[in-house]
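Bear in mind that the values in this text are calculations on the coordinates, not laboratory data. These numbers come from a predicted model, not from an experiment. Positions of Cβ are backbone-derived with ideal geometry, glycine not excepted, and every protein chain shown enters the neighbour counts.
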Amino acid sequence: MEVALSKASLTGAGSVASADSDSTGLTSLCDPTQFSVGRNMIFVCGVPRSGTTLMQRILGNHSQVYAGPEFDFVPQIVQRWRGDMRASVSSGRIAPIVNHEGLDKAFRAFLSTIFLEKLNAGPQTVFCEKTPATALVLDDLITLLPKARFVMMVRDPVEVVNSMRQVKTRQLAKCQRPARFIRSLAGSVELYNQYMDAALPTARIHDQIKLSYYADLVANPETEVRRVCKHVGLPFEPSMLKIEDAESSLPKMADETWYSHEEQSKPICASGVVTKKLLLSKDEVAMVKAHVKKWPELERFDLSDAPLSLKQYLLWSAERAKVHGVLLPRKQSRSV
């Protein structure tokens, strides 16, 4: 059953919506208490440059969905603030004030209050938040918001690193200090592995998480978007695919090194929005394939187990040294 919600059901006013559930377990939102456990929340995540912005824009074109700019702070709230306070409870430091259950209740209310406030102010009934680093805290976030739905984008690691290279080139051209994870080939690969290590084991055991492959999305947009809609409990709308017609859903960026306005105004494109050619050398492609971990979910990408040549080994060592980037300009770019 695809879920269509009224504003009355979101705010708790008027008649109570049906609580019949579909095969995904997603039901209509009856009151703010239901929203507080994540019902009618969608989180889009994945390695940076893997298609998270594209998926966010597509979902944001749905008439029932609010998909604004990256909120940014979900990973910090869940992992750092909640994590530090849970450690303090476990140590006994703040245990006389709050226990683990009470702490989770407070963080759950904090997140849901922020997001529900936005929905109450507009016509939409589903809140979609996209921050790539949410992939690092999926297990904790599901604990807080067990009724939420998650879409994790997965893209060929060579394409991801290639796109990061383009961003680095743009930032250096503006005398900006590239973010650590795009400063070198090794940094980009290490970030890719970090995200997969954190997210894939969680995705295997929680059906709230759907992996959406970037290649499938750009090759057959309607088929893949229909799958995503089924997962999150929304009826498919053809307008979702017309992202070039939705000026209001363009992400707000601090500068245009991540995406230019022109690039973001283009339709869904199989060649990618930012990088339309391979910027990596053959040796660099081999290094990426060799050092990305061989998770079963990545089998389609034909990652090589072949040992690196001496030249490639030395190049990789040099790339690892660049992660610290002491000779790069000090100013650092940041997306908003």
Quick one: Karplus J couplings for the range 49-56, per residue in order, coefficients 6.51, -1.76, 1.60, θ = phi - 60°, nearest Hz, x for Gly and Pro?
6, 9, x, 5, 5, 4, 5, 4
For residue 43, list long-range residues whose amide hydrogen, built 1.01 Å from N in the peptide plane, is under 5 Å from its own amide hydrogen.
129, 149, 150, 151
How much length is gained on full extension from residue 114 to residue 223, taking 0.36 nm per residue of separation minus their Cα-Cα distance?
36.0 nm
Quote to one decimal, in nm, the extra length available between residue 283 and residue 215 on full extension: 0.36 nm per residue of separation minus the C-alpha distance between them.
22.1 nm
Of the cross-linked pairs 168/277; 168/242; 105/147; 130/322; 147/289; 130/168, which ones have a Cα-Cα span greater than 25 Å in the structure shown?
168/242; 130/322; 147/289
Using the Karplus equation 6.51 cos²θ - 1.76 cosθ + 1.60 (θ = phi - 60°), what ³J(HN,Hα) coupling, rounded to whole Hz, does each residue of the range 102-118 give in order, writing x for Gly and Pro?
x, 5, 5, 4, 5, 5, 4, 5, 4, 5, 5, 5, 4, 6, 5, 4, 5
Among 153-163, 103-113, 137-147, the order from most to least packed when residues are scored by Cβ within 10 Å on average
153-163, 137-147, 103-113
Residue by residue through the range 124-131, the couplings from Karplus 6.51 cos²θ - 1.76 cosθ + 1.60 with θ = phi - 60°, in Hz, x for Gly and Pro, are 6, 10, 10, 9, 10, 10, 10, 9
Output the pairs from 230/266; 174/210; 118/266 with a Cα-Cα distance over 31 Å in this structure; if there are none, say none.
174/210
Provide the packing ranking of 63-75, 124-136, i.e. peptides ordered by the mean count of other C-beta atoms within 10 Å per residue, highest first.
124-136, 63-75
Reduced to Cα centres, the span from the range 75-107 to the range 121-175 in Å works out to 25 Å
